[in-house]
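Worksheet: one structure, shown below.
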Amino acid sequence: MEGLTAFFSFTAQLFTNPTAVALMAAASALGIVIGALPGLTATMGIALLTGLTYGVSKTYALVILMGVYVGAIYGGSMSAILLNVPGTPSAAATALDGHKMALKGLAAEAIWATRTASIIGTFLGLICLAFFTPIITKLALNFTSAEFFLLAVFGVLICGTISARDLPIKGWIAGLFGVFLAMIGIEDIHAVHRFTLGMMDLTTGIPLIPAMIGFFAFPQIIKALKHGPAGSMKVLEQGEVKESLWPVIKRNIGLILRSTGIGVFIGALPGVGEDVAAWLSYDNAKRTCKNGKDFGTGVVEGAIAPEVGNNSAIGGALIPLLSLAVPGSPPAAVLLGALLLHGIRPGPMLSQEFPTFTAELTAILFMATVFLWVCGIIIARPMTQILKIPQGILMPVVAALSIIGAYALNLNTFDLAILFVFGVVGWVLDEMGYSAAPIILGLILGGMIDANMRRMLMLSGGSLEPLVTRPICIVLLILILWVVIGTLVSGRIAAKFKDIATHSGD
Amino acid sequence: MELKNLRSADMLTGIILALGSLAVLYDSYKMTVAVTARGNPLVSSPGFVPAVIAVFMLILGFVLLRAGQKSGGSLTFLLPSRLAAGLASAEGRNVITILGIIAGYIFILLKFLPYSIATFIFLYAFILFYYQRRHLRVALIAAGVSLVITVAFGELASIPLPGKSLILYLGGVTVEIP
C-alpha cells in the first residue's frame, strides 16, 4: 500500500514538473530516433547519455535514461517495418511481418500496431516490476548454468526455425554459424585465442553491431538497387490508417498477455535480454494464433507479439537489476552503471537504503510509456514518408548511416571492415535463402552457450545429468525436441504431399 | 534465385560446411590437447564447444548436400564460363558496382579524406549513379545529408568521426573540417 502511495505521489510530481516533462519528451523522441537508426542501439543511447547526465539530479538523469531506453526499444521496429533493417537486434522479429505489411501498403497500420503493442508491453512490464518482483526474482534464482545453456540453445533454435525461408535446416545452420562466430576471440577460461587467424583485432571477438548492420543492411541495399538505375525509382505507395485497429488489439488480448509473460520472465533472466524475449513471443504467437500459418506474410499479430515481448522485457530486466544488482539485459547493464554513478546501490539493501526508489523508477517508467505514445504519434507520420523517398536516394543514405552506425560504438575502423565483409557474406547468404536473424541471435547468445555448457559440465564432473534431472531443464529439453522433431516431421509430410501432387498429374 | 540454382548453391554450401567443420574440428583438437596436457578437464577446453558445433555443422552440411542433389542441383555452375556469365550480367555488374562504391568509401575515401568530404563524395557518386538527376540537385542532396550526419554524430553526439581531419589556416583563423 505504501509502495502504491509512493508511486502515485512520484507520478504526480513528475507530470507536474515542467523540466521533467520536457526532458522526458526530448529523451523519448531521441530514443525513438536512436532505435530507428541502424547501429544505434538502446545500450549505446544509454551509454552515450550516462556521462552527460552526471551533472544533473538523480531523478532527471533517470527520466532521460529511461526515456531513451523505452523509446529506443520501440524505435528499432520503425526501421524494421519501413526498411527491413531492424534498428536494434530486438526488432529483428518485428521485421518478419512488419516489413511485409509495409510492402502491402500497410506501413501506417504496422507502425500504429507496434507502437500500441510497445506501450501496452511497457505498461504491463512495469506492473510486473511493481507487484511481482519477489516472485520473479525467486524463479530467476532457480536458473543455473544448465538452464541458461538450454534457454540460449532454445532461443537460437526457435529463431532459426521461424525465420527459415527455404529448408528449415538452413535456419539451424544460420544459428549454428552465429554461435560459431561468437567463439572467435580470446576464450574466457584459459585465455586461449580461438580462430583469430593471427589478427589482433579479432581477439576481442566479432563486434555485434557492425556484423548485424552488415547482415541486414547490405542485402536490403543491394536488393533495392541491383536492377540498376531504372529499377531504383520505385516508391512504395502507402496509405493512412484506414480504420481503427483497436478491435485487433481487443481480439488479441490473450496474445498480448502471453507475450508480456514471456517478455517479463525472459527480461528477468540475467543477461538474456529483449532480443530473445521478442523471438520467443513471436514463436508463441505463431503457434497459438489462428492465423499462425500466415505469419511471415504480413499479419499484424506477427508485428504485435514481438513488440509486446521486447518492451515488457524492459520491466522484466529491471527486476533483477534492482533486487539483485544483476542486469537483465545489456541496456539494463549500462543503466546499472548510471545508477551507481548517481549513488544508488541496487541489490538486497536497496529497500532499506532507498525505500522509495523502486516506486520512483516505476513512476518514471510509466511516464516514459505515456511519452512513447505521444512522441510515437508525432514521429510516425514523418517516418512513413521515408518510404516515398526514391530508393536511389534512400539506400545510399541508409548505407552512409549504417557505416557511421557501425563505427560509432567502438570508434574502431576495423569494425568498418567487419561491416563490409559481413555485408557481402550476408548478401550471399540472403540470396541462398538464409535469414540473418538466427546468425545475429547466435552471435549474441553464443558466449552464453559456450560458458554455461562448460560450466555445467565442469560442475557435474562431465555428466549431462543436470539436463535431464532439473525440472526447468526438462521443460526446455522437451521444447527443444518438440521444435526439432515437429519441424522435421512437418517437412517430410509437406514433401510427401508435394510428391503426391506432382505424381497425380501423371 | 531459381530453385535449381538454389539447390546447386546448397550443394556447394554443404561441401563448404563439411570442409569448414573438419578444419574447426582439427583446430579444436589442437586446443584441447594443449589444455588437457596441463591437467585441465576435457570439458573445460576452449575447443570443446566449437567441436560440438562443428559436428552438428558436418551433419547438417551432408544433409544439405544430399537435399540439393536429390532436388536436381549440380555443381556445373562453378564452371568458369558460367561464373563469368553471372558476373557479366546486368545484375552482376550492378552488385559489383554497389559493393565497389561502398568499398571505395570505407577503404579509400575515409582513409585519406575528412569524414564530411568523404561522405559527400560517396553519396554524390552513389545517388548520381542510381537516381540519375541533374548534378546540382544530387550535389545538394549529398551535401545536405553529409552535413546533417556530420553535425548529428560529430557535434551533438560528440563521436570522433572516422576519416582524416583537415586543418586549414585561413587568415590567422584555424578551421578544422571533420
Quiz item: With point charges of +1 on the Cβ of Lys and Arg and -1 on the Cβ of Asp and Glu, referenced to the Cα centre of the protein assembly as shown, which listed residue (A:Val299, A:Ser323, A:Gly273) lies farthest in the positive direction of the dipole?
Solution: A:Val299
Quiz prompt | Inter-chain Cβ neighbour average for residues B:115-127, partner chain, 10 Å | solution = 3
Quiz prompt | Rg ratio (alpha-carbon, reference 2.2 N^0.38 Å) - segment A:172-215 | solution = 1.19
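Work out the mean other chain Cβ neighbour count within 10 Å for the residues of A:157-168 and drop it here as an integer. Provide the component values of the computation, followed by the final result.
On the way: counts 0, 0, 0, 0, 0, 0, 0, 0, 0, 6, 9, 0.
Partner Cβ neighbours, averaged per residue: 1.
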Quiz item: What does the highest-first list of A:18-28, A:347-357 look like by mean Cβ count within 10 Å?
Solution: A:18-28, A:347-357
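Sort A:Lys58, A:Lys250, B:Lys30 by heavy-atom solvent-accessible area, probe 1.4 angstrom, most to least.
Working: A:Lys58 60, A:Lys250 145, B:Lys30 100 Å².
Highest to lowest solvent-accessible surface, that is A:Lys250, B:Lys30, A:Lys58.
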Exercise. Please report how far the C-alpha centroid of segment A:1-61 lies from that of segment A:111-153, rounded to the nearest whole angstrom.
Key: 21
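Using a probe of 1.4 angstrom, how much of the accessible area of the protein assembly as shown is carbon and sulfur, in percent?
Details: 19760 of 28590 Å².
Carbon and sulfur atoms account for 69 percent of the accessible area of the protein assembly as shown.
Suppose every Lys and Arg Cβ carries +1 and every Asp and Glu Cβ carries -1, with no other charges. What dipole size does segment A:236-329 come out with about its Cα centre, to the nearest 20 debye? Intermediate values should be presented prior to the final figure.
Working: 8 positive and 9 negative charges, 87 e Å.
That gives segment A:236-329 a dipole magnitude of about 420 debye.
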Quiz item: If the chain between A:Val192 and A:Lys223 were fully stretched, how many nm would it gain, using 0.36 nm times the residue separation less the Cα-Cα distance?
Solution: 7.2 nm
Quiz item: Arranged from highest to lowest average of other beta-carbon atoms within 10 Å per residue, in what order do the peptides B:108-118, A:216-226 appear?
Solution: A:216-226, B:108-118
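Probe radius 1.4 Å, ligands and nucleic acids left out: can you give me the accessible area buried at the B-A interface, summed over both chains, in Å² to the nearest hundred? Before the final figure, lay out each step's value.
On the way: alone 12240 and 21420 Å², together 28590 Å².
Counting both chains, the buried surface is close to 5100 Å².
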Quiz prompt | Inter-probe distance in nm under a simple model that places probes 7 Å from Cα toward Cβ, at A:Gln13 and A:Val468 | solution = 5.7
Practice problem: Rank A:Thr161, A:Leu141, A:Ala408 by how far each Cα sits towards the positive end of the charge dipole of the protein assembly as shown (+1 on Lys, Arg Cβ; -1 on Asp, Glu Cβ) and give me just the farthest. | Solution: A:Thr161
Practice problem: Would you mind checking the tilt of helix B:115-131 against the longest principal axis of the Cα atoms of chain B, expressed as 0 to 90 degrees and rounded to 10? | Solution: 80
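Divide by every residue of chain A the summed helix terms, -39500 (n - 2.57) for each DSSP H run of at least 4, and state the resulting mean residue ellipticity at 222 nm, rounded to the nearest 500 deg cm²/dmol. The partial results should precede the final answer.
Values: 22 runs with 374 residues, N = 506.
Theoretical 222 nm ellipticity from helices: -25000 deg cm²/dmol.
Highest first, please rank the peptides A:137-147, A:114-124 by the mean number of other Cβ atoms sitting within 10 Å of their residues. Show your work: numbers first, answer last.
Values: A:137-147: 17.0, A:114-124: 25.8.
Per-residue Cβ counts within 10 Å, averaged per peptide and sorted highest first, yield A:114-124, A:137-147.
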Practice problem: Using only the Cα atoms of segment B:1-149, each taken as one equal point scatterer with no solvent, compute I(q) by the Debye sum, divide by I(0), and report log10 of the ratio at q = 0.09, 0.19 Å⁻¹. | Solution: -0.60, -1.00
Quiz prompt | C-alpha center-to-center spacing [segment A:293-356, segment A:67-91] in angstrom | solution = 16
Quiz prompt | Other-chain or far-sequence residues with amide H under 5 Å of A:Leu409's (modelled H) | solution = none
Practice problem: Identify the residues of segment A:111-142 with backbone N under 17 Å of a label point that sits 7 angstrom from the Cα of A:Gln352 along the Cα-to-Cβ direction, or state none. | Solution: none
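What size of dipole, in debye to the nearest 20, comes out for the protein assembly as shown about its Cα centre when the only charges are +1 on Lys and Arg C-beta atoms and -1 on Asp and Glu C-beta atoms? Show your work: numbers first, answer last.
On the way: 41 positive and 32 negative charges, 244 e Å.
Here the protein assembly as shown has a charge dipole of around 1180 debye.
Please give the calculated 222 nm ellipticity per residue for chain B, where each DSSP H segment of at least 4 residues contributes -39500 (n - 2.57) and the sum is spread over every residue; nearest 500 deg cm²/dmol? Intermediate results must be reported in sequence, preceding the final value.
Numbers: 6 runs with 113 residues, N = 178.
Mean residue ellipticity at 222 nm (helix-derived): -21500 deg cm²/dmol.
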Practice problem: Could you work out the mean count of beta carbons from other protein chains within 10 Å of each residue's beta carbon in A:187-195? | Solution: 5
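For the cross-link pairs A:Lys286/B:Lys70; A:Lys223/B:Lys111; A:Lys104/A:Lys293; A:Lys170/B:Lys70; A:Lys170/A:Lys286, which exceed 21 Å when the distance is taken from alpha carbon to alpha carbon? Display every interim value, and only then the final one.
Details: A:Lys286/B:Lys70 30 Å; A:Lys223/B:Lys111 28 Å; A:Lys104/A:Lys293 18 Å; A:Lys170/B:Lys70 16 Å; A:Lys170/A:Lys286 19 Å.
Those over the limit are A:Lys286/B:Lys70; A:Lys223/B:Lys111.
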Practice problem: Note down the magnitude of the dipole of segment A:291-420 about its Cα centre, charges +1 on Lys and Arg C-beta and -1 on Asp and Glu C-beta and zero elsewhere, to the nearest 20 debye. | Solution: 220
Practice problem: Would you be so kind as to identify which of A:Ala12, A:Thr384, A:Ala313 lies farthest towards the positive end of the dipole of chain A, taking Lys and Arg as +1 and Asp and Glu as -1 on Cβ and the Cα centre as origin? | Solution: A:Thr384
Self-check item: R0 of 22 Å, Cβ-Cβ distance B:Ser71-A:Asp294: FRET efficiency to nearest 0.05
Solution: 0.30
Self-check item: Nearest 10 degrees, 0 to 90: helix B:48-70 Cα axis against chain B principal axis
Solution: 80
Exercise. Rounded to whole Å and ordered largest first, report the semi-axes of the equivalent ellipsoid of the protein assembly as shown derived from its Cα gyration tensor (root of 5λ).
Key: 36, 34, 27
Quiz item: Which value in Å is the Kirkwood Rh of segment B:92-174 over different Cα pairs?
Solution: 13.9
Quiz item: Roughly what angle does helix B:90-104 make with the longest principal axis of chain B, taking Cα atoms, 0 to 90 degrees, to the nearest 10?
Solution: 70
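With r as the distance between the Cβ atoms of A:Leu481 and B:Glu2 and R0 = 35 Å, compute the FRET efficiency 1/(1 + (r/R0)^6) and round to 0.05. Before the final figure, lay out the partial values.
Values: r = 35 Å, r/R0 = 1.00.
That gives a FRET efficiency of 0.50.
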Quiz item: If you plug each phi of segment B:15-29 into the Karplus form 6.51 cos²θ - 1.76 cosθ + 1.60 with θ = phi - 60°, what whole-Hz ³J(HN,Hα) values come out, in order, with x for Gly and Pro?
Solution: 5, 4, 4, 5, 5, x, 4, 5, 5, 5, 4, 5, 4, 5, 4
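The values are calculated or read from the model by the stated rules, or taken from the named source; none is laboratory data. Just so it is clear, the model here is predicted, and its values are computed rather than measured. Glycine also receives a Cβ, built like all others from the backbone with ideal geometry; neighbour counts cover every protein chain displayed. Ligands, DNA and RNA are stripped out before the accessible areas are found, and what is left, the full protein with its side chains, is counted by its heavy atoms. Shrake-Rupley method; radii C 1.70, N 1.55, O 1.52, S 1.80 Å.
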